[in-house]
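The values are calculated or read from the model by the stated rules, or taken from the named source; none is laboratory data. Fair warning: this is a prediction, and the values are worked out from it, not measured in the lab. Here the Cβ is made from the backbone with ideal geometry for all residues, glycine too, and neighbour counts use every protein chain on show.
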Amino acid sequence: MKIVIIMGSLIDIEWAKKIEDKIKEFEVDVDLRVASAHKTPIKVLEIIKEYEKEDVVFITVAGRSNALSGFVDANTIKPVIACPPYNEKFSGFDIFSSLRMPSGVAPLIVLEPEQAAIAAIKILSIKYPQLNLKIKEFQKKMKQEIEKQDRDLKNGKC
């Protein structure tokens, strides 16, 4: 089992590293790769083919004109999660290239790195029960943190 993060270029490395860090918390193998649907489409196809026989989820990280997510999704039967980096320069409008896909092309769109990692883990947990336990523990910790915040607020500790 593995999660493969494909970036359109190294400009996206910080965003991809945030995803990678969260994935590693769940002790799942993750590979970072660089290939552009616009500039190196054959390379993208080679990367997909390299992992196609594995239990894999692809996460694509590409901003601006995000052809990468749709291109990967159209060329694999594996799950694809698009996690485009937010860019203040375009006030978020570049997100539309991730949201509007051609018919028959269906990458999931998750806007935050941590959530993209969790979504990929949950997809893999369908087949790998040990991930179910890790997701449940993660959710339990999140709930406990909210409960603690509420107690602290109620008791005037904030």
From the list V110, V72, which one is in contact with a Phe, Trp or Tyr (Cβ under 6 Å, 6 or more places away or on another chain) and assigned by TED's automatic domain parsing to the domain that holds G8? V72
Checking the structure you have, find out if any residue of the stretch 91-106 is part of a helix (DSSP H, G or I) and at pLDDT 95 or above. no
Over 20 Å from the mean Cα position of the chain (by Cα) and part of a helix (DSSP H, G or I): which single residue out of E50, E145 fits that description? E145
Just a yes or no: is a residue in the stretch 25-36 modelled with pLDDT of 95 or more and surrounded by fewer than 13 Cβ atoms within 10 Å (Cβ to Cβ)? yes
